[in-house]
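Chemist: Got a structure here, written out as structure tokens. Questions coming.
Each value in this text was obtained by applying a stated rule to the coordinates, not by laboratory testing. No experiment lies behind these values; they were computed from the predicted model shown. For neighbour counting, all protein chains shown are included, and Cβ atoms are generated from backbone atoms with ideal geometry for every residue, glycine included.
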Amino acid sequence: MDRHYEEMQGMEDCRISLKAYLDEYNGRPETDVQLPLILFEEAVLAMNKLCRLFRMRRGHAALIGGPETGRRSLVRLASFIADCTLFTIQSFESPGVLIS
């Protein structure tokens, strides 16, 4: 699939395009984690922002939110779409200190 800028005419066009990328990602033999994403409107908007951000020179983001919200999955897919290398920092807890 070509990774180039393409103007979308509406939310459904974005959803269809993202679904194609999601299917491509999940269909790769080297994919270690399948992404069971549901591309609802907020997820599509977040993906658009992340993809634009990752295509910027030195683009980066800090995503904040509760657990099990799909942030990691969205970032994983956006980095795949933008052809970026994804680095993950694992959080840990120590007595009296919470790092997340």
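Chemist: Working only within the stretch 1-27, note down all residues that are exposed (fewer than 10 other Cβ atoms within 10 Å of the Cβ) and of a type outside the set (S, T, N, Q).
Modeler: Applying the first criterion (exposed (fewer than 10 other Cβ atoms within 10 Å of the Cβ)) to the stretch 1-27 yields 1-2, 4-7, 9-10, 27.
Within the stretch 1-27, 1, 2, 4, 5, 6, 7, 10, 27 qualify.
Chemist: Scan the stretch 36-73 for residues that are polar (S, T, N, Q) and without any contact (Cβ under 8 Å) to a residue 24 or more places away in the chain and jot them down. Working first, answer last.
Modeler: Restricting attention to the stretch 36-73, the residues satisfying the condition of being polar (S, T, N, Q) are 48, 69, 73.
Of everything in the stretch 36-73, just one residue is polar (S, T, N, Q) and without any contact (Cβ under 8 Å) to a residue 24 or more places away in the chain, namely 69.
Chemist: Examine the stretch 58-75 for a residue that is acidic (Asp, Glu), in a loop (DSSP other than H, G, I, E, B) and loosely packed, with under 11 Cβ neighbours inside 10 Å, and state whether such a residue exists.
Modeler: Going through the stretch 58-75, the residues acidic (Asp, Glu) turn out to be 68.
After this cut, where a residue has to be in a loop (DSSP other than H, G, I, E, B) as well, the list is 68.
In the following step, the residues that additionally are loosely packed, with under 11 Cβ neighbours inside 10 Å were identified as 68.
Yes: one or more hits.
Chemist: Further, regarding this structure: Scan the stretch 28-48 for residues that are closer than 17 Å to residue 86 by Cβ and surrounded by 13 or more Cβ atoms within 10 Å (Cβ to Cβ) and report the count. Outline the logic, then answer.
Modeler: Within the stretch 28-48, the first condition is being closer than 17 Å to residue 86 by Cβ, and the residues that meet it are 28, 30-35, 37, 46-47.
Then drop every residue that is not surrounded by 13 or more Cβ atoms within 10 Å (Cβ to Cβ), which leaves 31, 35, 37, 46-47.
So the answer is 5.
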